[in-house]
Amino acid sequence: FSTQTTPQICVVGSGPAGFYTAQHLLKHHNQAQVDIYEKQLVPFGLVRFGVAPDHPEVKNVINTFTQTAHSERCAFRGNVAVGRDVTVSELREAYHAVVLSYGAEDHQALGIPGEELPGVCSARAFVGWYNGLPENQALAPDLSCDTAVILGQGNVALDVARILLTPPEHLEKTDITEAALGLLRQSQVKTVWIVGRRGPLQVAFTIKELREMIQLPGTRTILDPADFLGLQDRIKEVPRPRKRLSELLLRTAIEKLGPEEASRQASASRAWGLRFFRSPQQVLPSPDGQQAAGIRLAVTRLEGVGEATRAVPTGETEDLPCGLVLSSVGYKSLPIDPSVPFDPKLGVIPNTEGRVVDVPGLYCSGWVKRGPTGVIATTMTDSFLTSEVLLQDLKAGLLPSGPRPGYTAIQALLSSRGIRPVSFSDWEKLDAEEVSRGQGAGKPREKLVDSQEMLRLLGC
Ligand code: FAD
């Protein structure tokens with residue numbers, strides 16, 4: 001690699017994986033040019049469209065990402081869907097290296113009858129709706145029912161339950177969209193059940209999110225002490241973070257309430273609970289067949305030990321009436337382009353340490369590399385590792401030598417296809433507009449949710 005040649009690198013996706021990969025590349029190579037392609041008009045992936053509006057502190061990473069974007073060797077190219085507007089092969093020809101950091105855009109289907117009924121939706125779409133993801137704005141979920149059921153017991157399930165049950169006035173000063181707030185104000189949902197196939201020792205959420213649920217104003221927690229029989233001793237053997245979480249669950253389930261907490265719970269108008277050892281079997285239709293009216297759950301028992309514990313059906317079932325079913329059984333990555341290997345079973349791009357197998361010069365980071373689990377900090381560590389591997393390959397002369405045109409070539413292709421990319425300064429205009437629209441209501445921002453309007457604001 002000649003010292004005169006500026007390494008041209010592009011990253012696909014502007015979520016935490018894309019930005020942390022770019023940050024590390026720019027910091028550890030003093031010439032590399034990094035272009036970040038993003039299909040949305042706005043950056044930051046799930047930090048903007050996933051993280052709950054009442055967790056603003058989590059979104060502080062945006063400040064670091066903004067610093068990265070301000071580097072003169074970094075450029076944001078929004079409004080470009082890779083795989084549709086430009087192929088990965090075209091990017092590989094224009095750049096010395098391409099990093100795929102495009103996350104997990106789909107949800108795992110339940111694969112049960114009735115899943116298509118109105119009243120059933122994915123937690124992914126529900127989250128996208130309250131967070132202003134343009135493609136989910138038409139969702140407008142029907143919250144006129146008394147009971148909602150969430151399938152899956154991870155942090156996303158708790159986020160959704162919390163948003164459904166938090167008194168709307170507590171969300172007024174967040175960046176939740178005005179439309180979502182309007183529907184939540186009229187919501188009739190009083191009870192939310194969070195259903196899992198396995199037991200209290202296998203839940204996938206973390207202690208902070210559980211504590212928030214237990215302390216939710218005006219809401220009582222329902223746990224069945226029978227689910228916790230015999231767990232007291234087993235909890236002592238589980239590893240540390242899970243031990244603390246399990247202890248909190250156990251205490252909440254079996255301890256007698258003090259007078260203050262008892263009166264708080266007695267006056268609560270809403271409730272949430274965890275239903276264990278239940279696997280979804282069928283969404284039950286209303287008598288006219290037009291709407292979800294309940295869910296049939298297969299009762300399960302556990303087989304095996306430790307992390308390998310599996311839920312197997314006992315043959316019994318239970319019907320739970322509800323008007324809203326939200327499936328929160330996981331996000332899922334999609335293949336981006338036929339030229340890129342994809343493992344449909346694991347839902348990831350096959351890779352070793354971030355090097356895409358059998359495709360020199362192609363790398364991956366974040367959820368599309370590891371699968372859709374892990375917090376932003378995990379995604380950061382993982383992205384730094386991919387960047388390190390790429391820089392090692394660059395140093396070892398494993399990437400194409402000689403100059404590459406980088407964005408100049410892609411810009412010409414995009415313009416011939418009628419695609420108009422947006423820049424980071426375009427985002428800053430939209431950002432300023434959002435902040436100013438939020439000001440009157442005391443919100444950090446009122447998100448723009450209509451892509452056409454955003455393009456108009458940018459003069460496109
Ligand atoms: P993403 O954040 O999904 O970014 C991928 C980006 O790629 C997106 O911007 C997408 O638009 C873009 N893209 C997709 N396809 C294309 C394409 N074809 N062309 C161009 N661009 C494309 N972590 C925490 O630490 N704290 C939290 O409170 C928290 N809350 C969460 C709440 C929810 C509902 C979810 C789902 C996750 C949450 N996480 C949280 C986890 C965190 O969001 C992830 O660890 C992280 O976002 C993964 O980063 P990523 O860059 O791999 O994916």
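Go through (1) at pLDDT below 95; (2) surrounded by fewer than 20 Cβ atoms within 10 Å (Cβ to Cβ); (3) touching a helix residue (DSSP H, G or I) at 6+ places or on another chain (Cβ under 9 Å) and name the single condition VAL329 misses.
Looking at each condition in turn, VAL329 falls short on (2).
Do we have GLY114 as of a type in the set (Gly, Ala, Ser), over 24 Å from the mean Cα position of the chain (by Cα), over 19 Å from ILE336 (Cα atoms) and at pLDDT 95 or above here? Talk me through it step by step, then tell me what you get.
Values: of a type in the set (Gly, Ala, Ser): yes; over 24 Å from the mean Cα position of the chain (by Cα): yes; over 19 Å from ILE336 (Cα atoms): yes; at pLDDT 95 or above: yes.
Yes; evaluated as a whole, the condition is true for this residue.
Filter region 403-431 down to the residues that are touching a residue at least 40 places away in the same chain (Cβ under 8 Å) and among the aliphatic types (A, V, I, L, M) and list them by number.
Passing the criteria: ALA409, ILE410, LEU413, LEU414, ILE419, VAL422, LEU430.
Working only within region 291-320, note down all residues that are more than 28 Å from the chain's Cα centre (by Cα) and open to solvent by 50 Å² or more (accessible area, probe 1.4 Å).
ARG301, LEU302, GLU303, GLY304, VAL305, PRO313, THR314, GLY315, GLU316, THR317, ASP319
Return the residues of region 131-161 that are more than 17 Å from HIS55 (Cβ to Cβ), open to solvent by 20 Å² or more (accessible area, probe 1.4 Å) and within 12 Å of the ligand (Cβ to nearest atom); say none if nothing qualifies.
PRO134, GLU135
Restricted to region 367-417, and to residues that are among the small types (Gly, Ala, Ser), farther than 27 Å from VAL348 by Cβ and open to solvent by 50 Å² or more (accessible area, probe 1.4 Å), which residue is farthest from the ligand (Cβ to nearest atom)? Explain how you work it out, then say what you get.
Applying the first criterion (among the small types (Gly, Ala, Ser)) to region 367-417 yields 371, 374, 377, 383, 387, 396-397, 401-402, 406, 409, 412, 415-416.
Narrowing further to those that are farther than 27 Å from VAL348 by Cβ: 397, 401-402, 406, 409, 412, 415-416.
Applying the additional criterion that residues be open to solvent by 50 Å² or more (accessible area, probe 1.4 Å) yields 401, 412, 415-416.
On the way: SER401: 28, ALA412: 19, SER415: 18, SER416: 18 Å.
Per the stated criteria, the residue is SER401.
Any idea which of (1) more than 15 Å from the ligand (Cβ to nearest atom); (2) over 28 Å from HIS55 (Cα atoms) is the one GLU433 doesn't satisfy?
Of (1) more than 15 Å from the ligand (Cβ to nearest atom); (2) over 28 Å from HIS55 (Cα atoms), only one is false for GLU433: (2).
So which helices (runs of 4 or more DSSP H) stay within region 174-275 end to end and still have 3 or more residues that are in contact (Cβ under 8 Å) with a residue 12 or more places away in the chain and surrounded by 15 or more Cβ atoms within 10 Å (Cβ to Cβ)?
Numbers: elements: 178-185, 207-214, 231-235, 240-254, 259-266.
Hits in region 174-275: 178-185, 207-214, 240-254.
Rundown of residues vs (1) under 26 Å from ALA104 (Cα atoms); (2) at pLDDT below 95; (3) among the small types (Gly, Ala, Ser), yes/no style:
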site: PHE276; (1), (2), (3): no, no, no
site: PRO280; (1), (2), (3): yes, no, no
site: SER286; (1), (2), (3): no, no, yes
site: GLY306; (1), (2), (3): no, yes, yes
site: GLY315; (1), (2), (3): no, no, yes
site: LEU320; (1), (2), (3): no, no, no
site: ASP343; (1), (2), (3): yes, no, no
site: THR352; (1), (2), (3): yes, no, no
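The values are calculated or read from the model by the stated rules, or taken from the named source; none is laboratory data. These numbers come from a predicted model, not from an experiment. Reconstructed Cβ throughout: ideal geometry from the backbone, glycine too, with neighbour counts over all protein chains shown. When the accessible area is computed, the model is the full protein with side chains, heavy atoms only, and any ligands, DNA or RNA have been set aside. Shrake-Rupley method; radii C 1.70, N 1.55, O 1.52, S 1.80 Å.
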